[in-house]
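Before any comments, here is the structure.
The values are calculated or read from the model by the stated rules, or taken from the named source; none is laboratory data. Just so it is clear, the structure is predicted and the values come from calculations on it, not from any experiment. Cβ atoms come from the backbone with ideal geometry, glycine included; neighbour counts cover every protein chain shown.
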Amino acid sequence: MTVFDRTRRGYTPAPEPPDEPERLRALQSLAILDTDPEEAYDDLAELASFICGVPMALVSLLDSDRQWFKAHRGLDATETPRDVAFCGYTILQDDLFVVPDATKDTVRRKPSGHR
């Protein structure tokens, strides 16, 4: 298993959504976490990468403490800590959440001087 390097600092974790206990129960009921890769999900990640013209695309599921990738293209990691995941912010939205350039991330960065 390849896991994201936790030594990266400077991220502000997203707050938990109000329905977090119900959301996590629903996720657990799917029994999909830590399952083997499946062609259908891999195809979705590849298609998303192609359609969006980006080198990386993920099918990710947000667990209580991690973001687990059911499929990943352009990234070797199979999961990342939840506190560095864009998905923590995504599930708080009622609409599409777009990050045009993750290298210029202003959503999760802590203000200067914070650790």
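It is to be established whether one or more residues within the range 8-24 are modelled with pLDDT under 95 and basic (Lys, Arg). Yes. When the range 46-70 is limited to residues that are among the acidic types (Asp, Glu) and surrounded by 13 or more Cβ atoms within 10 Å (Cβ to Cβ), the one that is farthest from Pro21 (Cα to Cα) turns out to be Glu46. Filtered by the rule that a residue be closer than 18 Å to Pro17 by Cβ and of a type in the set (A, V, I, L, M), the range 71-97 gives Val84, Ala85, Ile91, Leu92, Leu96.
Looking at the range 69-115, which of the residues that are β-branched (Val, Ile, Thr) and at pLDDT 70 or above is farthest from the chain's Cα centre (by Cα)? Step through it out loud before you land on a result.
The first filter runs over the range 69-115 and keeps only residues β-branched (Val, Ile, Thr), leaving 78, 80, 84, 90-91, 98-99, 103, 106-107.
Subsequent filtering for residues that are at pLDDT 70 or above retains 78, 80, 84, 90-91, 98-99, 103.
Working: Thr78: 10, Thr80: 7, Val84: 8, Thr90: 9, Ile91: 10, Val98: 13, Val99: 12, Thr103: 15 Å.
Looking at the filtered set, the residue picked out is Thr103.
For Leu27, are the conditions met, namely being among the hydrophobic types (A, V, I, L, M, F, W, C) and either touching a strand residue (DSSP E or B) at 6+ places or on another chain (Cβ under 7 Å) or in contact (Cβ under 8 Å) with a residue 12 or more places away in the chain (or both)? Yes: the conditions hold for Leu27.
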